[in-house]
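Participant: One structure coming up, written as structure tokens, with questions to follow.
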Amino acid sequence: MSYSALGRRLVACLLNISEARRRDLVETVARSAITGAHGKKREGITVLNIFNDVDYNRSVITIVASIDLIREAVLSACEHACSLIDMNVHEGIHPCMGAVDLVPLYPLGEEVGLEDCGKEAQALATALTERVTGTSVFLFGWADSPQRRGLAKRRKEIGWFKKVLDMSTIQPDVGPQPTRKYGVTGVGASPYVMNCNVTIDTQDLAVGRIVASAIRESSPGGIPGVQVMALPHAGAVEIACNVESFQGGPPSSSYGEEKWPSFTIGGQNVCHAPASLITARVAELARHHGVAIKGTALVGFTPRECQRLAEGALSNGIGEFWKELQRVHM
């Protein structure tokens, strides 16, 4: 396949694993996505970024390839993660369900649609449970056919937000009853989800929860596409946002003059809330409680940036692109 054709069929996977404190382990998982049998490099695959959060004990590995190659790359990374991470001994502030916690597929190329990614996610889920005996999967988004329940809804249904996860109550969509060692993995497909975390300068989690509730999409006056938690983090409180892309144009002018980034999936216009808007809203709400913000961190990239960097990395045959970054993507 020519590079131009490959670029039109790109898919991103922001693989979430429940380990960040053992950096070598995380990099081993990342390298396994771009390395085949006998250590041979897999062509057409790149790992753009590795984000580690030690407090959360969670890492996000950004893997990009054509839809024809993404499954094997992600499966290899998942297999290695499952062999190296034991949830029986996991500790971390961030809620999590499994050694491999989340496997979302996002279409980037113009010739890949959400239905394509949904089918690929279903196949990936089945293959994971077959290759790693004892793993279990719940499906979300376009992989959850025909309901297409979103990730937040699925997580709530299975009790992901609870501090103690009772595995015996979980009914997976694929695989056996979950075990504590592997937990349960979310596999799905949706328009790109960006992670935007704003830290407020307080240790009062109650203030953080008030702020988080106010910007959550489901709240009156909330920001469309924003799912959010308030978590203690590095001596402060982090307003941790999943910024979902959604079909259609930006909402009304009630969100000020901020430009909402947009892109297309299968000819359909898709947009997402800008990080600057989220930061401004958090700052305004926190100020009402006498609290300032400390900063904003993006986990990985915006959708456009992800596509642009992936095309550049693949055209130059760079598999370990995370090593090439001149700035830190947080």
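Participant: For the range 197-232, which residues satisfy the criterion of being more than 23 Å from the chain's Cα centre (by Cα) and part of a helix (DSSP H, G or I)?
Facilitator: The answer is L205, A206, V207, I210.
Participant: Can you confirm whether E217 is closer than 22 Å to N242 by Cα and in the same structural domain as F263 (by the TED database)?
Facilitator: Judged against the criteria, E217 is a match.
Participant: Moving on to the next point. Determine whether A189 is aliphatic (A, V, I, L, M), open to solvent by less than 20 Å² (accessible area, probe 1.4 Å) and either in the same structural domain as Q247 (by the TED database) or farther than 19 Å from D55 by Cβ (or both).
Facilitator: Working: aliphatic (A, V, I, L, M): yes; open to solvent by less than 20 Å² (accessible area, probe 1.4 Å): yes; either in the same structural domain as Q247 (by the TED database) or farther than 19 Å from D55 by Cβ (or both): yes.
Criteria met by A189.
Participant: Select, from E91, E79, E110, the only residue that is open to solvent by 40 Å² or more (accessible area, probe 1.4 Å), more than 27 Å from G267 (Cα to Cα) and either at pLDDT below 95 or not assigned by the TED database to the domain that holds E311 (or both).
Facilitator: Values: E79 fails: either at pLDDT below 95 or not assigned by the TED database to the domain that holds E311 (or both); E110 fails: more than 27 Å from G267 (Cα to Cα).
Selected residue: E91, the only one of E91, E79, E110 that is open to solvent by 40 Å² or more (accessible area, probe 1.4 Å), more than 27 Å from G267 (Cα to Cα) and either at pLDDT below 95 or not assigned by the TED database to the domain that holds E311 (or both).
Participant: For residues in the range 192-217 being under 27 Å from V270 (Cα atoms) and in contact with an Asp or Glu (Cβ under 9 Å, 6 or more places away or on another chain), which is surrounded by the fewest Cβ atoms within 10 Å (Cβ to Cβ)? Reasoning before the result, please.
Facilitator: Going through the range 192-217, the residues under 27 Å from V270 (Cα atoms) turn out to be 192-198, 211-217.
Filter once more, so that each one left must be in contact with an Asp or Glu (Cβ under 9 Å, 6 or more places away or on another chain): 192-194, 197-198, 217.
Working: Y192: 24, V193: 22, M194: 26, N197: 24, V198: 27, E217: 17.
Within the range 192-217, the match that is surrounded by the fewest Cβ atoms within 10 Å (Cβ to Cβ) is E217.
Participant: Only one residue in V26, V74 is over 30 Å from V237 (Cβ atoms), open to solvent by less than 10 Å² (accessible area, probe 1.4 Å) and in contact with a strand residue (DSSP E or B) (Cβ under 7 Å, 6 or more places away or on another chain). Which one?
Facilitator: V74
Participant: Here's a follow-up. Can you pull out every residue in the range 233-254 that is polar (S, T, N, Q) and either assigned to a helix (DSSP H, G or I) or in contact (Cβ under 8 Å) with a residue 40 or more places away in the chain (or both)? Lay out the reasoning, then the answer.
Facilitator: Step one: list which residues in the range 233-254 are polar (S, T, N, Q), which gives 242, 245, 247, 252-254.
Passing the criteria: N242, S245, Q247, S253, S254.
Participant: Give the residues of the range 158-176 that are surrounded by 13 or more Cβ atoms within 10 Å (Cβ to Cβ) and either touching a Leu at 6+ places or on another chain (Cβ under 7 Å) or farther than 16 Å from S18 by Cα (or both), sorted by residue number. Don't jump to the end; show me each part of the working.
Facilitator: So in the range 158-176, the residues surrounded by 13 or more Cβ atoms within 10 Å (Cβ to Cβ) come out as 158-160, 165, 167, 170, 172-175.
Of everything in the range 158-176, those that are surrounded by 13 or more Cβ atoms within 10 Å (Cβ to Cβ) and either touching a Leu at 6+ places or on another chain (Cβ under 7 Å) or farther than 16 Å from S18 by Cα (or both) turn out to be I158, G159, M167, I170, P172, D173, V174, G175.
Participant: Are any residues in the range 126-153 of a type in the set (S, T, Y) and surrounded by 24 or more Cβ atoms within 10 Å (Cβ to Cβ), and if so, which ones?
Facilitator: Those that are of a type in the set (S, T, Y) and surrounded by 24 or more Cβ atoms within 10 Å (Cβ to Cβ): T135, S136.
Participant: Ok, one more. Six or more apart or on different chains, Cβ under 7 Å: which pairs go from a residue in the range 164-175 that's in the same structural domain as R154 (by the TED database) and under 13 Å from F138 (Cα atoms) to one that's open to solvent by less than 30 Å² (accessible area, probe 1.4 Å) and part of a helix (DSSP H, G or I)? Could you list them?
Facilitator: I170/I158; V174/A125; V174/T129; G175/T129
The values are calculated or read from the model by the stated rules, or taken from the named source; none is laboratory data. Note that this is a predicted model, so its numbers are computed, not measured. Methodologically, a virtual Cβ is constructed for each residue, glycine included, from the backbone with ideal geometry; neighbour enumeration extends over all protein chains shown. Remember, those area values only see protein heavy atoms, side chains included, never the ligands or the DNA or RNA. Shrake-Rupley method; radii C 1.70, N 1.55, O 1.52, S 1.80 Å.
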